[in-house]
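Each value in this text was obtained by applying a stated rule to the coordinates, not by laboratory testing. On a predicted model such as this, the values are computed, not experimentally measured, just so you know. Backbone-built Cβ (ideal geometry, glycine too); neighbour counts: all protein chains shown.
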Amino acid sequence: MRFILYLFTFLFSIRGTAQETTPYPFVQYDLNHLYFSKDSSSFLNLYARLDSFSKNSIKELSIAHIGGSHVQGGTWSNSFLNELNNEFKPAGGGYFIFPYKLAKTNSPPYATSFSNGSWKKCRCVGKEFCLPLGMCGMSITSNDSSNYFGVALTARSLIKGFNSIKVYHNFNATFEFTISSRHNLKAVRFDKKDQGYTQFDLEMPVDSLSFDLVRKDTAQKDFILYGFGVESNLANGFYLAALGANGASSGSFLRCTYFAEQLKTIKPDLVIISLGVNDTQAKDFDKENYIEHYDSLILKIKEVAPDVAILLTTTTDNFIRRRTANKRTVKTKDAMFELMERHNVGVWDLYSVMGGFKSILKWQKAGLAGKDRVHFSPKGYIVLGKLMFDALNYSYHNNIKTNK
């Protein structure tokens, strides 16, 4: 029964994707579908929830996308979300937003952060590694006697305002923060220490919000900020948590103190994992070590979200130092399919959809990839988001029809 279900999805995706996505001759549209093991029940559950969502029986569906710089940039994830919104036409939704700007690094296109204070960043990779870290693989810390900090949606946000915000932070009694008085805004506050955030429900939607932070004494150091969760929850919508940290590899998020704890708070329906480029860039890359990291990450996710659908994306084609085509990506592709059988997760074979070995050159020539032959251009990331949506959407529609 599972094989027939999968085959039907595959044939439909060949017919559908090329019609829905701007054609590029090097993209393998006939391969743009999802792969499953014999047990695809987690995705059948996701599709049932999507069907209920389309009928307004479910108010929110939550998606987490985990990765390195491909995800931190935000365009790939936001393009995928945009396609979901176009398909299901929700009136609400939300984002998890890390204050990348305060960490002095690149931000996603849909949000920004601001402060007049001094902040130190921690990151789950490289020389900037320090603890504690949240589910985004990063955190920022301030010891200012007073400052303000905040978050704002941009014109490219898919929600135009939010009426609820969660501030993920450490509960340090030395520091106190409140909504800035300049807003003249009424809000109901909930301090949820056991879940690691403070929630403010606002009397009216806003597109930006700032907080005044005051250090009351010097008994303890460090106000630590892990990010914001903003929601327009008066109507149904998708919630997107793009959890990206530049340079992250398969083991990076295993080093994050509150990864599982914070992921649990967003109640994910779908988790997409796109880690591997940085692994394959290393001379000492080891496939078994790579699989071991993924094993641990998948188990961590399932501990807090046992029914979640997990989608692994195969590593994008890339070059090492612009000069050498990276043959190690084939090993990570094989690893994804081993993990699929082991954990009953889905796989989207992006490597093959791109065109396989050295295909990044064709993407670069078409203006879809950067000069480094690793990253994509904004237009390229938009194409990735559309292709990923097409693969999921056709599987969803056909499985729903099959099971009616």
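Pick from LEU44, LEU270, LEU243: which residue has the top mean-square fluctuation in a GNM of the chain where Cα pairs under 10 Å get a spring? Of LEU44, LEU270, LEU243, the most mobile in the Gaussian network model is LEU44. With 0.36 nm allotted per residue and the present C-alpha distance subtracted, the LYS59-THR324 stretch has 90.6 nm of extension available. Neighbour counting of Cβ atoms within 10 Å sorts the residues MET340, MET388, MET138, MET204, fewest neighbours leading, into MET204, MET340, MET388, MET138. When only Cα pairs below 8 angstrom with a gap of at least 6 residues are kept, the chain shows a relative contact order of 26 percent.
One entry in (1) 19.1; (2) 24.8; (3) 33.0 is mean projected area of the Cα convex hull in nm² calculated from the shown coordinates; its label is (1).
Put in order of Cβ neighbour count within 10 Å, fewest first, the listed residues PHE357, PHE319, PHE376 become PHE357, PHE319, PHE376.
When only the Cβ of Lys, Arg, Asp and Glu is charged (+1, +1, -1, -1), the dipole of segment 318-404 relative to its Cα centre reaches about 540 debye.
Restricting segment 134-183 to chymotrypsin sites (Phe, Trp or Tyr not before Pro) that sit in a DSSP loop and have at most 15 other Cβ atoms within 10 Å of their own Cβ leaves PHE171.
Taking the longest Cα principal axis of the chain as reference, the axis of helix 378-402 is set at about 70 degrees.
For the chain, which cysteines have no disulfide-compatible partner, meaning no other cysteine Cβ under 4.7 Å? Cysteines lacking a close Cβ partner in the chain: CYS124, CYS136, CYS256.
With respect to the cross-link table entries LYS55/LYS267; LYS264/LYS358; LYS89/LYS362; LYS104/LYS221; LYS300/LYS358; LYS89/LYS264, which display a Cα-Cα separation exceeding 30 Å? Distance filter (> 30 Å) returns LYS264/LYS358; LYS89/LYS362; LYS300/LYS358. Between GLN220 and PHE88, the contour length at 0.36 nm per residue exceeds the Cα-Cα span by 42.7 nm. The residue among TYR351, THR218, ILE165 whose Cα reaches farthest toward the positive pole of the charge dipole of the chain, with charges on the beta-carbon of Lys, Arg, Asp and Glu, is TYR351. Comparing GLN195, GLN364, GLN28, which has the greatest mean-square fluctuation in the GNM of the chain with Cα pairs linked when under 10 Å apart? Among GLN195, GLN364, GLN28, the largest mean-square fluctuation in the Gaussian network model of the chain belongs to GLN195. Among DSSP beta bridges lying fully in the chain, give the percent that are antiparallel, nearest 5. Of those bridges, close to 70 percent are antiparallel. At what distance in angstrom do the alpha carbon centres of segment 296-372 and segment 53-115 lie from each other? Distance between centres, Cα-based: 20 Å. Taking other Cβ atoms within 10 Å as a rough exposure proxy, GLU231, GLU203, GLU338 sort from fewest to most as GLU203, GLU338, GLU231.
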